[in-house]
Amino acid sequence: MWTLLKAEVILSFAQFRRYFLNSMLSLGIMVLFFYGLFYGIALFVSAPLGGDSLSNLVLGFVVWTFTLGILHGIAQDIQTEATRGTLEQLALGNFRLETILVLRSVLTVIVSLLMALIIVAALQAITGVRLHLNPAGLPSLLVLALGVVGVSLILGALALYFKDVSMLFTIIQFGFLPYILATKSAFLGQALLPLAPGLHLSFLAFVDGKPVSGTMMLVALLNSLVLFAAGLGLFRWSYDLVRRRGNLSMY
């Protein structure tokens, strides 16, 4: 496992160095996108945004960018490896395909956290809003990331079976931000919704600056664990199915 982790870290660093300009441009585009969104809403309502509404919008956007890379990661990896002709090589290795992809997702979580910090600094400079950079909120983000990896495994299972789910990515990309902002409301009313408890705790820690109770964290963790288990089970089923049919690489 250590050898696999070392190999994936080297691969990720090599890809980042090779496509450094593209990575920096994508980061800049995300900041400019929020800048346009922020001033567009302010012009639409004919009033400057401020207070909790602005803080919620900033954090919602940061969480959105944090989760999107993780959410799309596994399915995009499958489609990329398939188009390069290397998907079967991964499947024939010493490690199961889902082990490799989950490990890549762990690295994506770390990178996404670093990118989120850069975006937070940029958005605070643009809007003047100040989020509560509460270290106690980090477990909430990690619990949230666990559930997002579970959803990513579900998308990966669909990519294995249906081969191309690009349009589904687009639907999720634009529908997920309103869903994130909606989780700011009552905790108990949305405890069973996918990812909602973890998202709610992120708002609680970073916008309201309130402590997170053990009970709330447990509910969020159970929610994410169920998503992860469901995603892993569906991915294994889909992977075994396409291998039995012999169409793993038929893209």
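Would you say GLU98 is buried (at least 17 other Cβ atoms within 10 Å of the Cβ) and of a type in the set (D, E, K, R)? Before you say what the answer is, go through the steps one by one.
Values: buried (at least 17 other Cβ atoms within 10 Å of the Cβ): yes; of a type in the set (D, E, K, R): yes.
Criteria met by GLU98.
I need the helices (runs of 4 or more DSSP H) fully contained in region 1-93, keeping only those with at least 3 residues that are modelled with pLDDT under 70. I'd like the intermediate steps shown before the answer.
Details: elements: 2-18, 20-44, 51-84, 87-91.
Helices (runs of 4 or more DSSP H) meeting the threshold: 20-44, 51-84.
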Find the residue count for region 227-251, including only residues that are assigned to a helix (DSSP H, G or I) and either in contact with a Pro (Cβ under 7 Å, 6 or more places away or on another chain) or free of Cβ contacts under 8 Å to residues at least 24 places away in the same chain (or both).
-> 5
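Does LEU138 satisfy the condition of being surrounded by fewer than 15 Cβ atoms within 10 Å (Cβ to Cβ), in a helix (DSSP H, G or I) and either within 19 Å of the chain's Cα centre (by Cα) or at pLDDT 80 or above (or both)?
So LEU138 passes the test.
Quick one: which residue in LEU123, LEU141, LEU168 is closer than 18 Å to LEU32 by Cα and among the aliphatic types (A, V, I, L, M)?
Working: LEU141 fails: closer than 18 Å to LEU32 by Cα; LEU168 fails: closer than 18 Å to LEU32 by Cα.
Unique residue meeting the criteria: LEU123.
The values are calculated or read from the model by the stated rules, or taken from the named source; none is laboratory data. These numbers come from a predicted model, not from an experiment. Don't worry about glycine lacking a Cβ; one is built from the backbone with ideal geometry, like all the others, and counts go over all protein chains shown.
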